[in-house]
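A quick write-up on the structure given underneath.
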Amino acid sequence: MTEFTAEDSDPSFEWGVSTAAYQTEGAFQEDGKGLSIWDEFANRSGKTYNNQNGNQACDFYHRYPEDLSIIQQLDIPNFRFSIAWSRVLPQGIGTPNQAGIDFYDRLIDGCLERDIEPWVTLYHWDLPLALHQRGGWTNRDIVSWFVEYVELTVGRFKDRVANWMVLNEPMVFTGAGYFLGIHAPGKRGMKNFSAAVHHAALCQAEGGRVIRDLHSTAQVGTTFSCALVESASPSRQDVRAAQRVDALLNRLFIEPSLGRGYPIDQFPALSRLQKYMKPNDEDLLKFDFDFIGLQCYTREVIRYSWSMPYIFARQVSPQKREVPTTLMGWEVYADSIYHVLRNFHRRYHLKNIIITENGAAFSDSVREGKIDDYDRQQYLSSHIQACLRAKQEGVPLHGYFAWTLTDNFEWAEGYRPTFGLVHINFQTQKRIIKQSGRWYAKLIQHHLVPPNSRNMDI
Ligand code: GAL
C-alpha cells in the first residue's frame, strides 16, 4: 500500500463522494414521479447489459438514511448527488410533485443533520420523458423548460444547499444519447447531436445565471468529462486525429462558456453547430463558473481512421495496447488525471477546479463478509497522488470526489461494473463497506497526502 504522510495537509481541501439519481434511487414510479428517458430506455429490450434497469437500483429513495449514515461513519464531509427532474416536475414543466420535493428536503436535511455538506447536480442525464416527446435536447425550448426546473429546485433548496452543479458531463449525454444512440434516448446522427450540444451548452450557461440570480452566495459549478488524449504516432494524420478527439472530449463545452466559441478550428465538422445558433448566442453561451468539476477516468490513444465519419479517428484499444484495464475496459493510467489538470489550468487559467468524479470498476468478491478490493484502493491512491502532484505544481485544485458511494446501475453496462466504496447485494440490498471505503475514510480523517506530491518543481 502507498505510504501517505500528514505533512503538507490542506484542511480546506474538499473530500467527497459522488452519486447520481437514476443510478441509485429506484422508486421509478413512486409517489407521483414522472418517467425519465432513462426509465424508458432501460426498460426497452436490448438496450442495456442483460436488460437491466434502474427501476429499483440501490433503493436509495427509501434507504438514503442508511447510506447517509455510512457516509457519516466514514467521515466523508461532502456528498454529491443529483435531483431527478421528473421526480420534482413529473411532466418536466408545469405542476410540481410535492412528494418528490419532500424527498429531496429529507435528503438534504439528512445530510445536514449528519454534518455532511450537500453538493447538488441539477441534471445527471435523466430528462423527463414528457419533454423528450417534445424534442428534448434537440428542441431549443429546452432552455425555458430547464430554467423553470432550476428556478423551482434552487428556490426550494437554496437555504440549505450552497454548492450547485448545472450539468453532468454534457459531452457524454449528447454523444452517447444523441450521436451514438447507446444511451437514452437512443438517438443517432450528426443532426440530433449538433442540436443537442448547442442547447445543452445554452442551458449550462443559463442554469448558472439562474442559480446566481436566486442565490448570490452559491458556489456555481458544472462538470465535464475529460481525458488525456494522445496520438498513437507522431504522424501528421494521427496528431490531427488526436486534436479532433481532444476538441470533442475536452474543449467542446468549456470553451463556449469562457467566451471562446466552439472549437471549430480543431474539429471543422463542429461548424454544423452554427446552424442552431441565433444572433447573440455567443454571449448567451458564456458564464463565469465559480468552480469547474472535472471527471477523469482514463486516457485515450488515437489514430487516424478513414472509416469513422466526421471525426476520422479511432481509439487504439487498451486491449490492443496490452495495458491494464478496469471492468469497463478502460486503461488504468493515473498520469491522465495529472495531465488533464495541468492542461486545463494552462489552457484556461481556471480559478477553482474540483475533481467531481474519479474511480474504478473492478470485480469484487465477498469473503467472510469482507471485500478486500486492493485494486480499487490502488487505483484511487495513484489517482489521488496524481491530483495532489498537480495541485502542488500550482493547479488550483480544491477538492476530490470519488465515484462512487455504493455499487449502482452503470447505465448501459447495468450492474456488472462495480465502482462503489460500498458493496451492495442487489437481491437483499445489504450494504458492506469495502476495504477501499475504509482506506478512503482514513485518508480523509488524517488529512494525509502522498509523499511524492511534495518538493515538485512548479
Ligand atoms: C461518468 C458518469 C457517472 C458514472 C461514471 C462511471 O461518466 O457521470 O454517472 O457512470 O462515469 O462510468
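The values are calculated or read from the model by the stated rules, or taken from the named source; none is laboratory data. Remember, predicted model here, so these are calculated numbers, not experimental data. Backbone-built Cβ (ideal geometry, glycine too); neighbour counts: all protein chains shown.
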Please work out which residue is nearest to the ligand (Cβ to nearest atom), limiting yourself to the stretch 144-161 and to residues that are surrounded by fewer than 17 Cβ atoms within 10 Å (Cβ to Cβ) and more than 15 Å from Ile83 (Cα to Cα). Ser144
Restricting attention to the stretch 323-357, which residues are on the phi > 0 side of the Ramachandran plot and in contact with a helix residue (DSSP H, G or I) (Cβ under 7 Å, 6 or more places away or on another chain)? Gly329
Residues located in the stretch 69-127, provided they are part of a helix (DSSP H, G or I) and within 16 Å of the ligand (Cβ to nearest atom): Trp85
Report every pair of residues separated by at least 6 positions or lying on different chains whose Cβ atoms are under 7 Å apart, first residue within the stretch 311-335 and touching a residue at least 40 places away in the same chain (Cβ under 8 Å), second away from the ligand (no atom under 16 Å from the Cβ) and of a type in the set (Phe, Trp, Tyr). Phe312/Tyr304; Phe312/Trp306; Ala313/Tyr304
For residues in the stretch 318-331 being surrounded by 15 or more Cβ atoms within 10 Å (Cβ to Cβ), in a loop (DSSP other than H, G, I, E, B) and not β-branched (Val, Ile, Thr), which is farthest from the ligand (Cβ to nearest atom)? Leu327
Of the residues in the stretch 163-177, those that are in contact with a Ser or Thr (Cβ under 7 Å, 6 or more places away or on another chain) and not polar (S, T, N, Q) number 6
For the stretch 390-425, give me the residue count where each residue is in contact with a strand residue (DSSP E or B) (Cβ under 8 Å, 6 or more places away or on another chain), within 13 Å of the ligand (Cβ to nearest atom) and of a type in the set (A, V, I, L, M, F, W, C). 5
Residue selected from the stretch 418-443 under the condition in contact (Cβ under 8 Å) with a residue 60 or more places away in the chain, in a loop (DSSP other than H, G, I, E, B) and buried (at least 21 other Cβ atoms within 10 Å of the Cβ), by the criterion farthest from the chain's Cα centre (by Cα): Lys434
Among the candidates Ala242, Ala269, residue that is modelled with pLDDT of 95 or more, crowded, with 20+ Cβ neighbours inside 10 Å and not hydroxyl-bearing (Ser, Thr, Tyr): Ala242
Within the stretch 205-220, can one find any residue that is within 16 Å of the ligand (Cβ to nearest atom) and not charged (D, E, K, R)? no
Within the stretch 162-185, take every residue that is closer than 12 Å to Leu122 by Cβ and among the polar types (S, T, N, Q) and give me the one that is farthest from the ligand (Cβ to nearest atom). Asn163
Which numbered condition trips up Arg303, out of (1) more than 16 Å from the ligand (Cβ to nearest atom); (2) closer than 16 Å to Glu230 by Cα; (3) in contact with a helix residue (DSSP H, G or I) (Cβ under 6 Å, 6 or more places away or on another chain); (4) not in a strand (DSSP E or B)? (4)
Of all residues in the stretch 191-209, count the ones that are farther than 30 Å from His339 by Cα and either touching a Cys at 6+ places or on another chain (Cβ under 8 Å) or crowded, with 23+ Cβ neighbours inside 10 Å (or both). 1
Among the residues of the stretch 206-259, what is the count of those that are farther than 30 Å from Val161 by Cβ, part of a helix (DSSP H, G or I) and not acidic (Asp, Glu)? 11
